[in-house]
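*Asks:* Submitted below is the structure of interest, expressed as structure tokens.
The values are calculated or read from the model by the stated rules, or taken from the named source; none is laboratory data. Because the structure is predicted, anything quoted here is derived from the model rather than measured. All Cβ positions, glycine included, derive from the backbone under ideal geometry; neighbour counts span all protein chains shown.
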């Protein structure tokens, strides 16, 4: 039933393919988490400045993306993304056909989803900073940049780390949906292997174990980070 | 005005909307079975998780660990493709359920929501103040009565917001069942896309329906919270 001999490295088994696929999953997760955090910062900024239009756009974005299945967002960006890029390129006078590669599309799609979750976490931890601190920084004559980097960021990171850890786990698991776009990550690799070997159980269990390892290890990493960042704070 | 209405009626989104709408009942059917079953099982699993029987508690916590650590897609594929490839399952009575993508979807969704739900309810059960249990005991409540009258009602109403989140995640999770050839809303949208080569129109139609479904779910949870947390109502 479970064929261990199909998982050896080299030409006889799928071990090395799975290793590359795992690295691809990690790569997509890290890239989209990073891009997602960047998008989330912009979203939070749009929500907290006193501007109705930006706040409406940001709220619309987070509500819609969180209310729609992840698979649908991925389909939309995978099948509709190219058309958007081509039409943008046309504005700049570039008329040739452009095709984004699977990794770019995957990263953007997962980042768009992950950013909505991150933005909620970041917003909550921004609101947890007492206003007096920002006022105090202003009274000391700090400009906007140093307030952001020296007062706000360090505290937001500390408050947000547990939540960001959760978002990371969700993002990591969401990358399995990217397999529908043809990018060879763990899920796609297990489908390919099981189609070749006619043994889905072996490769799907392998995939499950790999995901379990990834989530467990990254969970530990985030625990360590949390301990590091909350030194001196008894929480 | 009439011209405008006609142009709407001829637009692709409008046509797709009704095509996708025909998959709504399949989506709801998935939820109608997996959510109630998942709720009951999650409660039982949460009780087992906090019980003093070490073996039971261990088994359930490792089940929760495995399910929460793997993507739902892996679980769906494991049940649909994985179990179907095992010979003795194909020959057993289980095959009647497992050959249908619908039942595979229901089983996978239930297994998934039970793990998340059990963890949520465990939080609720463990957050009950000891004095409330003690006052129940002093009134001479037996174990079962204590559970039915004190522990479960307080635990469930406490975790309603987070269980509501889980319900919304489940609505979204049904879209993954489309990957096992089950034709619910996402599956139909995917088919329309393949036919018309108009991805945006097809998926926006499905997206609107999912948003609507989630909106209803949010209202339902809000109503439950209002009903079962009367002490938290702002104005009576």
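*Asks:* What number of residues within segment B:168-185 satisfy the criterion of being over 17 Å from residue B:201 (Cα atoms) and facing chain A (nearest Cβ under 9 Å)?
*Replies:* Count: 9.
*Asks:* Now for a separate question. Being in contact with a helix residue (DSSP H, G or I) (Cβ under 8 Å, 6 or more places away or on another chain), within 19 Å of residue A:121 (Cα to Cα) and at the interface with chain B (Cβ under 9 Å from one of its Cβ atoms) narrows it down to one residue among A:80, A:67; which is it?
*Replies:* None of the other options fit; the residue is A:67.
*Asks:* Quick one: would you say residue B:151 is surrounded by 13 or more Cβ atoms within 10 Å (Cβ to Cβ), at negative phi, more than 11 Å from chain A (Cβ to nearest Cβ) and in a loop (DSSP other than H, G, I, E, B)?
*Replies:* No.
*Asks:* Among the residues of segment A:46-83, how many are more than 20 Å from residue A:180 (Cα to Cα), part of a helix (DSSP H, G or I) and free of Cβ contacts under 8 Å to residues at least 40 places away in the same chain?
*Replies:* 12
*Asks:* A further question follows. Pick out the one residue from A:196, A:180 that is surrounded by fewer than 12 Cβ atoms within 10 Å (Cβ to Cβ) and within 30 Å of residue B:87 (Cβ to Cβ).
*Replies:* That would be A:196, the only listed residue that is surrounded by fewer than 12 Cβ atoms within 10 Å (Cβ to Cβ) and within 30 Å of residue B:87 (Cβ to Cβ).
*Asks:* Same structure again: Given the condition within 27 Å of residue B:179 (Cβ to Cβ) and surrounded by fewer than 16 Cβ atoms within 10 Å (Cβ to Cβ), answer yes or no: does some residue in segment A:48-62 qualify?
*Replies:* no
*Asks:* Right, here's the next one. Which of the residues spanning segment A:191-212 are more than 8 Å from every other protein chain (Cβ to nearest Cβ) and touching a helix residue (DSSP H, G or I) at 6+ places or on another chain (Cβ under 7 Å)?
*Replies:* Of everything in segment A:191-212, those that are more than 8 Å from every other protein chain (Cβ to nearest Cβ) and touching a helix residue (DSSP H, G or I) at 6+ places or on another chain (Cβ under 7 Å) turn out to be A:193, A:197, A:202, A:203, A:206, A:210.
*Asks:* Looking at residue B:225, is it free of Cβ contacts under 8 Å to residues at least 60 places away in the same chain and more than 14 Å from chain A (Cβ to nearest Cβ)?
*Replies:* Answer is no for this residue.
*Asks:* Looking at B:83, B:41, B:98, which one is surrounded by fewer than 22 Cβ atoms within 10 Å (Cβ to Cβ) and at pLDDT 95 or above?
*Replies:* Of B:83, B:41, B:98, the one residue that is surrounded by fewer than 22 Cβ atoms within 10 Å (Cβ to Cβ) and at pLDDT 95 or above is B:41.
*Asks:* Okay, next question. Is it the case that segment A:88-111 has a residue that's at pLDDT 90 or above and more than 17 Å from the chain's Cα centre (by Cα)?
*Replies:* No: segment A:88-111 contains no residue that is at pLDDT 90 or above and more than 17 Å from the chain's Cα centre (by Cα).
*Asks:* Would it be correct to say that residue B:168 is more than 30 Å from residue B:136 (Cβ to Cβ) and touching a residue at least 12 places away in the same chain (Cβ under 8 Å)?
*Replies:* yes
*Asks:* Just checking, which of B:218, B:159 is within 14 Å of another protein chain (Cβ to nearest Cβ) and either surrounded by 13 or more Cβ atoms within 10 Å (Cβ to Cβ) or closer than 30 Å to residue A:60 by Cβ (or both)?
*Replies:* B:218
*Asks:* Out of (1) closer than 19 Å to residue B:110 by Cα; (2) within 14 Å of another protein chain (Cβ to nearest Cβ); (3) in contact (Cβ under 8 Å) with a residue 60 or more places away in the chain, the odd one out for residue B:188 is which?
*Replies:* So the condition that residue B:188 fails would be (1).
*Asks:* Would you check which residues across segment A:213-235 are within 13 Å of chain B (Cβ to nearest Cβ) and surrounded by 14 or more Cβ atoms within 10 Å (Cβ to Cβ) and list them?
*Replies:* The answer is A:214, A:215, A:218, A:219.
*Asks:* To continue, here is another question. What's the total number of residues in segment B:191-203 that are buried (at least 20 other Cβ atoms within 10 Å of the Cβ) and either at the interface with another protein chain (Cβ under 9 Å from one of its Cβ atoms) or not in a helix (DSSP H, G or I) (or both)?
*Replies:* Counting residues in segment B:191-203 that are buried (at least 20 other Cβ atoms within 10 Å of the Cβ) and either at the interface with another protein chain (Cβ under 9 Å from one of its Cβ atoms) or not in a helix (DSSP H, G or I) (or both) gives 4.
*Asks:* Inspect all residues belonging to segment B:61-74 and state whether any of them is over 29 Å from residue A:172 (Cα atoms) and buried (at least 17 other Cβ atoms within 10 Å of the Cβ).
*Replies:* No, segment B:61-74 contains no residue that is over 29 Å from residue A:172 (Cα atoms) and buried (at least 17 other Cβ atoms within 10 Å of the Cβ).
*Asks:* As an exercise: evaluate residue A:150 against (1) more than 9 Å from chain B (Cβ to nearest Cβ); (2) part of a helix (DSSP H, G or I); (3) loosely packed, with under 14 Cβ neighbours inside 10 Å; (4) without any contact (Cβ under 8 Å) to a residue 12 or more places away in the chain and give the number of the one condition it does not meet.
*Replies:* If we test residue A:150 against (1) more than 9 Å from chain B (Cβ to nearest Cβ); (2) part of a helix (DSSP H, G or I); (3) loosely packed, with under 14 Cβ neighbours inside 10 Å; (4) without any contact (Cβ under 8 Å) to a residue 12 or more places away in the chain, just (4) comes out false.
*Asks:* Now a separate question. If I go through segment B:85-97 residue by residue, how many of them are in a helix (DSSP H, G or I) and within 8 Å of chain A (Cβ to nearest Cβ)?
*Replies:* Within segment B:85-97, residues that are in a helix (DSSP H, G or I) and within 8 Å of chain A (Cβ to nearest Cβ) number 1.
*Asks:* With more than 10 Å from chain A (Cβ to nearest Cβ), under 27 Å from residue B:157 (Cα atoms) and either part of a helix (DSSP H, G or I) or touching a strand residue (DSSP E or B) at 6+ places or on another chain (Cβ under 9 Å) (or both) as the only criterion, which of B:58, B:68 stands out?
*Replies:* Criteria check complete, one pass: B:58.
*Asks:* Right, residue A:132: within 12 Å of chain B (Cβ to nearest Cβ), assigned to a helix (DSSP H, G or I) and surrounded by fewer than 21 Cβ atoms within 10 Å (Cβ to Cβ) or not?
*Replies:* Judged against the criteria, residue A:132 is not a match.
*Asks:* Please find, within segment A:178-190, the residue that is farthest from the other protein chains (Cβ to nearest Cβ) out of those that are under 18 Å from residue A:3 (Cα atoms) and over 18 Å from the mean Cα position of the chain (by Cα).
*Replies:* Ranking the qualifying residues of segment A:178-190, first place goes to A:189.
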